[in-house]
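These notes are about the structure you will find just below.
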């Protein structure tokens, strides 16, 4: 039992129905006008010139100086420098590194040096490579464990989402 074949909800011949719709639209003149400077006359009507989307010499996209309709904005609001833009304030200085942070960074650097040149420490590559990886991972783990999970002391009651 195919309920789709026995259904009378839609047209039985979709292609014929589509052709009827297209023919009706063509009779009404939909889609017959060309995108040119002038329109072909329809059954004795005068040809109306097609108005261009934008006047000659105007940019395709409105610039910052243009208003929403492409008109110039009040000249008093314009600045003297056309390249004038927002300059953000200086960022706050980085906090001073604590001794534990410096020690963890030193472990990471020591691990990289040990990985690249184990001979500096009198080791071979078979011993230096695993040892360097352990030293680098220890430094990274120390940095992660030292991360603060508290809010800054200057934050108020509404400090947004805390991740």
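Calculated translational diffusion coefficient of region 99-145 (20 °C, 1.002 mPa s; Stokes-Einstein with Kirkwood radius over alpha-carbon pairs) equals 205 µm²/s.
Across region 99-145, the relative contact order, built from alpha-carbon pairs under 8 Å that are at least six residues apart, equals 51 percent.
Read the figures in this text as sums done on the coordinates, not as results from a lab. Since we're looking at a predicted model, the values are computed, not measured.
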